[in-house]
Amino acid sequence: GYELIEINDTSNPVWQDYHGIVLSQEEWKNIARGGMSHAKQRETDIESWLLALSEGQTIIQLSETAEPPIIMRKNEKLICILNDISLLEPRTVRSGIYGGPSFRIARGMYVRLGAFRSESHEEIQQVDKGTLVLTNKRLVFLGSKRTLEIDLRKILSMEPYSDALGVRISGKTRTIYFSGMDKTKFTLTFTDQWGTRTYEEPFTGLVLMCAIKGMIKQIE
């Protein structure tokens, strides 16, 4: 590998992006021709793919033929199936505490001065575990205890995580979460916009969010 260690003009973008980084001879040749390092090229291609996905210009390609676990409706297309997904929802948890100091009345015996009061707070808890199905019209969760069907047009906002997606639905006051995408072992294969480079990426909450946005735009 080779490292750029000195340059006359430190405001040069090449210096700003690559000084102190060891790259191969091929990468330096690409940079000299106005290209990028392999890492930056990958990052740029992934950003472009996610943008195209969220704009509905491309869709997730299933790695293998899969039978949908739900009854498909007219003109409905299967996008992806994710197994071993947890459904999480906020739950109100109550706890009680006594106010005031404790007072010793005998050896090993204490009494608290003050009244008992109840306090509550919210915790995100797992409600069920099952399969998450995305089509071009719906997001469906099939669990052992709960079945949840979400019309994509009723989604108000989404919050992506590396292993989960938070979804806010019209008419619901609380956000629901689908977690465990890092355990699905579901990988995506895609090529850059010129069809010259191929990548494999793990399925994340960000990928799911972009896919849903793209489906919503196609519905509209």
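The values are calculated or read from the model by the stated rules, or taken from the named source; none is laboratory data. Computed from a prediction, not measured in an experiment: that's the story for all the values here. Glycine also receives a Cβ, built like all others from the backbone with ideal geometry; neighbour counts cover every protein chain displayed. Remember, those area values only see protein heavy atoms, side chains included, never the ligands or the DNA or RNA. Shrake-Rupley method; radii C 1.70, N 1.55, O 1.52, S 1.80 Å.
Leaving out ligands, DNA and RNA, and with a 1.4 Å probe, what % of the accessible surface on the chain is carbon or sulfur?
48 percent
Take the residue pairs 137/213; 74/154; 154/213; 77/145; 74/213; 129/172 and return only those whose Cα atoms are more than 23 Å apart.
Result: 77/145 exceed 23 Å.
Quick one: the Cα spread of the chain along its three principal axes, in angstroms, biggest first?
The principal-axis extents, from largest down, are 84, 59, 29 Å.
Leaving out ligands and nucleic acids, note down the accessible area per residue over the chain with a 1.4 angstrom probe, in whole Å².
Computed with neighbouring chains in place, this is 64 Å² per residue.
Cα centroids of segment 145-220 and segment 1-37: how far apart, whole angstrom?
Taking the Cα centre of segment 1-37 as reference, the centre of segment 145-220 is 36 Å away.
Output the peptides 167-173, 186-192 sorted from most to least packed, where packing is the average of other Cβ atoms within 10 Å over each peptide's residues.
Put in order of decreasing packing, that is 186-192, 167-173.
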